[in-house]
Amino acid sequence: MNTVDAQRILETALICAQEPLSLRDMGQLFEGAVSPDTLKTMLAQLQQAWSQRGVELVCLASGWRFQSRPEMRPFLDRLHPEKPPKYTRATLETLAIIAYRQPVTRGDMEDIRGVTIHSGILKQLEDRGWVEVIGHRETVGRPALYATTRQFLDDLGLASLDALPPLDSEAAADALGQLDFDGPDAGQADPGSASSASAEDAPVPTPIGPAPEELVTAPSPSPSSTEPPAT
């Protein structure tokens, strides 16, 4: 098989894939006849070939996928003007704490936020596929340790936790604010809150930075990709 045919096959697979493809997945296309280094070269060539289009080929935590460029979002939103309901501020703050201080226990989160965190908030984030329990702290009661998943990074368009913007930056707020919360419990107020408005009054956590020695990301199922139009 020549390089041109191999690249066409790879491009087609990436366009039609419902979720990011890993190098192992791509290797299966060619039954091992194409080396990982050759695949990386072809991926770089595809990125260049699509560089002037409205979609781009990106490398995420769980693999490679085509997705629309950020500057295309305002136009694509016109096709679906109804915005999905958002979770409350309490949920966003909890997610931010897990993302930047993982692995953390529920008690750690409550110490940072200064208020009790209802178990329903953590369940919502787990149901959405953004956080999961990766172990237990060896202390009294062995509390669960929470960390973000690869799906969380995929939905942010990031390849690793190192790519997270500083927590106290505007970029961090923008990134979390653009997450699609149209999950199983979207539109519901955080459990334990009298209303979503009451959650808005919760204290804002003090800025915290990532603790590199504690950063843990456990594997999880990949999200559906945004498919560009077939060429």
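The values are calculated or read from the model by the stated rules, or taken from the named source; none is laboratory data. Source: prediction; values computed, not measured. Cβ placement follows ideal geometry from the backbone for every residue including glycine, while neighbour counts extend to all protein chains displayed.
Residue-wise test of (1) of a type in the set (V, I, T); (2) outside the structural domain of A163 (by TED's automatic domain parsing); (3) modelled with pLDDT of 90 or more.
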site	(1), (2), (3)
P74	no, yes, no
A99	no, no, yes
P103	no, no, yes
R106	no, no, yes
H118	no, no, no
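Here's a check for you: in the range 141-165, which residue that is in contact with a strand residue (DSSP E or B) (Cβ under 6 Å, 6 or more places away or on another chain) and in a loop (DSSP other than H, G, I, E, B) is farthest from G107 (Cα to Cα)?
Taking the candidates together, the pick is A159.
Every residue in the range 1-30 that is closer than 15 Å to A49 by Cβ and in contact with a Pro (Cβ under 7 Å, 6 or more places away or on another chain), please.
Hit for the range 1-30 is I15, nothing else.
Quick one: is L60 farther than 30 Å from T12 by Cβ and within 16 Å of the chain's Cα centre (by Cα)?
No; evaluated as a whole, the condition is false for this residue.
What pairs can you find where one residue is in the range 134-151 and in the same structural domain as I121 (by TED's automatic domain parsing) and farther than 14 Å from Q102 by Cα, the other is of a type outside the set (S, T, Y) and in a strand (DSSP E or B), and their Cβ atoms are less than 9 Å apart, with a gap of 6+ or different chains?
Once the first residue is in the same structural domain as I121 (by TED's automatic domain parsing) and farther than 14 Å from Q102 by Cα and sits in the range 134-151, its partners that are of a type outside the set (S, T, Y) and in a strand (DSSP E or B) give R142/H136.
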